[in-house]
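Shown next, in structure tokens, is the structure this report addresses.
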Amino acid sequence: MLVLGLLLMAGAAAFAGLLIAYNLSGGPDYTVTLLGSEPFTISTLGAFLGGIALTLIFGLGMWMLLAGTVLARHRGKKRRRERETARHATAERDALAGRMEGPGGSTDTADTAGEPAGHRRPSGHRPQWLRPHSHH
């Protein structure tokens, strides 16, 4: 939207500039010269309405340019907020992991088959599948 607005503004400004530059010797009813050709004859009222139309097109382009800038700024703020939330969540996760690890513990290796890395069990406690079965 930003680029489209800029293109509309530039096109309207260039067209108006060319019309003015090539038609400085106008009268009440004159032939418009544009880039070496004479595409149409215009009256004073036609020139006035053409100016209004070009102004509206230029205004639309300006509005699109500003709207695109505001939208881009809003998206940038949203991304910054999301990154900050992610950093906060990561720091909180790391702090909780540090508390769960406790003094002298390690959470990055699995010392028993079948248990996930970081799982701590009380000392002397065996997983149920390693306990001897009692046969009555």
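Bear in mind these aren't lab numbers, they're just calculated from the coordinates by the rules spelled out. Keep in mind that what you see is a predicted model, and the values were worked out from it rather than measured. As a convention, Cβ positions derive from the backbone with ideal geometry for all residues, glycine included, and neighbour counts pool all protein chains shown.
Brief remarks on what is shown
- Label-to-label distance, Leu7 versus Arg81, with points set 7 angstrom from Cα along the beta-carbon direction: 3.2 nm.
- Taking 0.36 nm per residue of sequence separation and removing the Cα-Cα distance, the Thr41/Ala14 pair yields an extension gain of 7.7 nm.
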